[in-house]
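A short worksheet on the structure shown next.
The values are calculated or read from the model by the stated rules, or taken from the named source; none is laboratory data. This is a predicted model, so every value here is computed, not measured. With ideal geometry, Cβ positions are generated from the backbone for all residues, glycine too; neighbour counts draw on all protein chains shown.
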Amino acid sequence: ANIRIKNEMLSGVEGGYTKGPDGAQTSIYDAAMAYQAAGTPLVIFGGIEYGAGSSRDWAAKGTALLGVKAVIAESFERIHRSNLVGMGVIPFEFTNGDTRKSLNLTGDETVSIEGLSDDLKPLSTVP
């Protein structure tokens, strides 16, 4: 895990940790495996230039293997966005100046992504 990850679901904790299904601090891997066992697909909320770094292809592979189905971010590093799509993870960008912070997202939300069709094109607006 990237030691510089700023996981805003846990205050004062950086690196490969998050909240598990029971709300307790655990490793990102253990939380992802617990959610997979429960049949819960995952969504990541991200900030600016999500995916920037030198290992973008492996980052997209790891994201998919953890059971992430979508990433919703303020913006994406261009190559990483393409790599996510190649791994079957759909990237979405916030619109109208919204951010995870302005919307007060905590990571405890239930996300439903609807309105996708086979003719969806890059840079399309999804209602």
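With respect to the stated conditions, Gly86 fails to be within 21 Å of Asn7 (Cβ to Cβ), small (Gly, Ala, Ser) and in contact (Cβ under 8 Å) with a residue 24 or more places away in the chain.
For the stretch 66-81, filtered to residues that are basic (Lys, Arg) and assigned to a helix (DSSP H, G or I), the residue that is farthest from Gln36 (Cα to Cα) is Arg78. Give the stretch 82-127 a look and list any residue that's more than 15 Å from Ile48 (Cβ to Cβ), of a type in the set (Val, Ile, Thr) and part of a loop (DSSP other than H, G, I, E, B), or say none. Result: Val89, Thr106, Thr110, Val111, Ile113, Thr125, Val126.
Taking the criterion of being over 21 Å from Phe94 (Cα atoms) and among the aliphatic types (A, V, I, L, M), the residues of the stretch 65-83 that qualify are Leu65, Leu66. Every listed requirement among (1) surrounded by 12 or more Cβ atoms within 10 Å (Cβ to Cβ); (2) at positive phi is met by Gly23 save one, (1).
Filtering Thr63, Thr99 for residues that are surrounded by fewer than 17 Cβ atoms within 10 Å (Cβ to Cβ) and either acidic (Asp, Glu) or within 24 Å of Leu123 (Cβ to Cβ) (or both) leaves a single hit, Thr99. Close contacts from the stretch 108-122, counting a first residue that is in contact (Cβ under 8 Å) with a residue 24 or more places away in the chain and a second that is surrounded by 10 or more Cβ atoms within 10 Å (Cβ to Cβ), with Cβ to Cβ under 7 Å and a gap of 6+ residues or different chains, come to Val111/Val43; Ile113/Ala70; Leu116/Val126. Kindly indicate which of Thr18, Thr63, Thr40 is farther than 17 Å from Glu109 by Cα and either of a type in the set (S, T, N, Q) or in a strand (DSSP E or B) (or both). Step by step, each of Thr18, Thr63, Thr40 is checked, and only Thr63 is farther than 17 Å from Glu109 by Cα and either of a type in the set (S, T, N, Q) or in a strand (DSSP E or B) (or both). Taking each residue of the stretch 46-60 that is assigned to a loop (DSSP other than H, G, I, E, B) and looking for partners that are at pLDDT below 90 and hydroxyl-bearing (Ser, Thr, Tyr) with beta-carbon atoms closer than 7 Å, six or more apart or interchain, yields nothing.
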